[in-house]
Each structure stands twice: as structure tokens, then as C-alpha cells.
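Below is one structure, written out as C-alpha cells; comments come after it.
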Amino acid sequence: MTDADHDLVLRSRNGDVTAFESLVRNHQQMIHALTFRMTGSTADAEDLAQETFIRAFEQLGKFNGGAKFSTWLYSIAVHACLNWRRNQARRFQAHEKCAEEMRAQSNGEISENKLAQRAQVALMKLPAKQRAAIVLTIYDGLNHAEAAKVLKCSETTISWRVFAAKRKLKQLLR
Amino acid sequence: MNDFELKSKLKSVRVPERSADYWENFPSQVRMNLRRTEFRPRQIFWPRLAWAGGLAFGCLFLVMTLAPIHFALKNERTIRREMAELPQHLRVFMADEHGLHYLIAEQQ
């Protein structure tokens, strides 16, 4: 945790909402990127980012400073996304939503966006936990140990999930 | 397809860009939601449990320490009183779970 984060966390714990607002400002883009990659939907990503920060504020007392604040926040965000995935009705809509949003953004750069669209749709077809492993290791550059901490599982499990996810993605994107 | 190609394909997925206004307003939206629910950071349960446990242990320790002292003092008072009343007759004092007992010998 950076010194700035450390100070802000301490102040937020004492109920200083302005300090918490600064923490949100420091990490909002990272959390939005994560929630978007996990859901494939801008609207859901925003809701989940909100939910992540609200949960983080509620649980600040549990944060002991052992890990980086960003890692702890990641963990909350990923678990919020995994719970979101349990809603089966939305799960089926997610692929469609994702494709629609990608089409809306395309504006002429068809080939490049088509590739991105295919990649995002393929990502959405992965089981949620495998997708989380890919998002954390490939997009956010976490190593397997850090990803294991975020997902609260062993490094071996992460390695397996990354391996299985890559195999499936290669098939889907061939 | 090798890992490098896969990685570059996956990295082509861009996160939708949001306006500067959105980023400016997002923290205050979170703040508004925090106000709406009107909660403070939830106090963690374990320290409170630890304090309660510590207090209970302290009370138990005091009871366990003070009770024998209290009974020893009480017995001492009884022994002194009985010895004052029957200076020549008391032979043996015994203490068990029922309290203090003493053996009185008849005068020769």
C-alpha cells in the first residue's frame, strides 16, 4: 500500500468520507476496467464498481494492511463480479449485450473492432472463475501468486484455470 | 495459435472510454450512496470478542485467586476464636469441602 493510500485508509476507517472519496478516485479506473472485462457490459460494470467501493467502505475494518490496498480492492471487485455471474438470467443476456455494445462502438473500424468483439465474446464464454484468472493475469499483469491471493485459492488452482482458459480461448478465436 | 498471439488478441479488447465528467462525478456518486445507506465502516467482530474474552478471563482469574484467600482468612478467624474459647481442649483442625472441623479433647 502506498503511503498516500495508507493515510487515506486510516482516515476512512474513522468515518472520513472525503478521504474515502480520494481512495475511490485513485482506483476507480482500475476497478471499472476489471468489472467491464468480467461482465462485458458498461452498465453492469458501473453498478459493480459502485458496489465494490461501497463494500470496501463497509469492510475497511477488516483490511489489515498486510496486502496492497489495490489487491484487497481487486478481491472485493472480483467476488462481486463472481456473485453477479450467479444470476443466470443476466448471464444469457450478457453475450448479447456485449456484442451490441461492441457494435455500437465500432464506427467504421470494422476489422479491428470485430477482432476485439470476438475476443470479448470469447472471454464471456469462459466459466467466471477462469475468466477472472485471465483478467487478473493477462489484463492486469498480476502474477499467479498475486492472483491466487485475490481469488483466495492456491497458485496451482490459478495455473490450472489460466491453462484451461487459454486452451478454450484458442479454440474460440481460431 | 501461440500464447503471444492469444495475448495480443485479448489485449485488443478495449475498455469503453468514459468522459472526464464521469470520472469526476463517480467518487461523489459513491459518496452519495454511502450517505444514503448512512453507515460507518463496520466494526470488526474479532477485537470486540477478544475484549469480551479477556474481561471474562480476568474476572475468572480474580475469583480463582481471591476465593482461596477469602476462605483462608475466614478459617484463620475461626481457629483463633475457637482457640480463645477452648485453649486447653483443641487438638486437631481439619479442613475439607464441608468446611473447617476440629477435634476437642476432654480434659484429663
Checklist line | Set A:LYS168/B:LYS9; A:LYS129/A:LYS152; A:LYS114/B:LYS11 screened for pairs whose C-alpha atoms are more than 18 Å apart | finding: none
Next item on the list: Give the order of A:MET30, B:MET32, A:MET38 when sorted by the count of other beta carbons within 10 angstrom, beginning with the fewest.
Entry: B:MET32, A:MET30, A:MET38
Next item on the list: For a footprinting-style exposure proxy, rank A:CYS153, A:CYS81 by other Cβ within 10 Å, fewest first.
Entry: A:CYS153, A:CYS81
Next item on the list: Step through the residues of the stretch A:13-29 one at a time and calculate ³J(HN,Hα) from phi using the Karplus curve (6.51 cos²θ - 1.76 cosθ + 1.60, θ = phi - 60°), rounding each to whole Hz and writing x for Gly and Pro.
Entry: 4, 7, x, 7, 5, 5, 5, 5, 4, 5, 4, 4, 4, 5, 10, 4, 5
Margin query: Suppose the chain between B:PHE57 and B:VAL92 were pulled fully straight at 0.36 nm per residue; how much longer would it get relative to their current alpha carbon spacing?
Written below: 8.8 nm
Notebook entry, point to check: Just the Cα atoms of the stretch A:126-174: what Rg and Dmax do they give in Å?
Noted result: 10.1, 32
Next item on the list: Return the whole-Å distance between the Cα centroid of the stretch B:61-108 and the Cα centroid of the stretch A:1-52.
Entry: 72
Next item on the list: Would you look at the GNM of chain B, springs on alpha carbons closer than 10 Å, and say which of B:LEU86, B:LEU49, B:LEU66 moves the most?
Entry: B:LEU86
Notebook entry, point to check: In whole Å, what three semi-axes, largest first, describe the equivalent ellipsoid of the stretch B:43-108 built from its Cα gyration tensor (square root of 5 times each eigenvalue)?
Noted result: 46, 10, 5
Next item on the list: Rounded to whole Hz and in sequence order, give me ³J(HN,Hα) for the stretch B:71-88 from the Karplus expression 6.51 cos²θ - 1.76 cosθ + 1.60, θ = phi - 60°, writing x for Gly and Pro.
Entry: 5, 5, 5, 5, 5, 4, 4, 4, 4, 4, 5, 5, 5, 5, 6, 10, x, 9
Check: Amide H neighbours of B:TYR102 under 5 Å, counting only residues 5+ apart in sequence or on other chains, H built in-plane at 1.01 Å?
Finding: B:MET94
Margin query: With n ≥ 4 as the cut-off for DSSP H runs, can you work out [θ] at 222 nm for chain B, using -39500 (n - 2.57) per run divided by the number of residues, rounded to the nearest 500?
Written below: -22000 deg cm²/dmol
Checklist line | Fewest-first sequence of B:ILE79, A:ILE134, B:ILE104 by Cβ atoms within 10 Å of each Cβ | finding: B:ILE104, B:ILE79, A:ILE134
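FYI, it's all coordinate maths here, none of it is from the lab. Note that the structure is a prediction, hence the values are computed from the model and not measured. Backbone-built Cβ (ideal geometry, glycine too); neighbour counts: all protein chains shown.
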